[in-house]
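Take a look at the structure below.
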Amino acid sequence: MTRARSSHEPKTWDERRTYIDTTIRQKLTPTVQEPEEIDSTGTTAGGSEFTRSYQRTRSRKPRFPGLRENWLKALVGIVAIPLAGWILVQLYSLNREIGELRIHSEVMEKRLEQLKGDLDHLGDQFRQETDRLNDRLNGAPKRRQP
């Protein structure tokens, strides 16, 4: 009853039934075939046949019985949980960016204070030089520079 491995034909109904009986249900078949006794008082073997449907039947028990009653809660949970997670991620990333901007602004404030000091120093030097040039132009004696 074995077929060649290279064939790709589906199993017949008898092969499926044998597989289910022997492998899945583990119902062992006798190794020796015994002759069947024929009952002369019964009906003949040519009576009505029972045909089985090859279509899959649907499960009688619903898969998610609580979902029908609580579909609104499930929908809110499906939408609200990812949305809340996304908002938390955005808040965390914004908090990190705000921290980086604060550090950058502190560095800029220090640099600005340094530049203000340098500008004051340049202003003082400029005044001294202009005073020295004015004095020289006006004929004042030359002063020694320290």
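The values are calculated or read from the model by the stated rules, or taken from the named source; none is laboratory data. Everything numeric in this text was worked out from a predicted model, so none of it was measured. Cβ placement follows ideal geometry from the backbone for every residue including glycine, while neighbour counts extend to all protein chains displayed.
At-a-glance table
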item: Index of the failed condition, Thr22 passing every other in (1) surrounded by 10 or more Cβ atoms within 10 Å (Cβ to Cβ); (2) at pLDDT below 65; result: (2)
item: Evaluation of Arg63 against (1) assigned to a helix (DSSP H, G or I); (2) under 44 Å from the mean Cα position of the chain (by Cα); (3) not hydroxyl-bearing (Ser, Thr, Tyr) (one fails), failing number; result: (1)
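Residues are listed down the side, and each one gets a yes or a no for (1) at pLDDT 85 or above; (2) β-branched (Val, Ile, Thr); (3) out of contact with any helix residue (DSSP H, G or I) (no Cβ under 7 Å at 6 or more places or on another chain):
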position	(1), (2), (3)
Gly46	no, no, yes
Phe50	no, no, yes
Thr57	no, yes, yes
Glu97	yes, no, yes
Met108	yes, no, yes
Gln114	yes, no, yes
Arg136	yes, no, yes
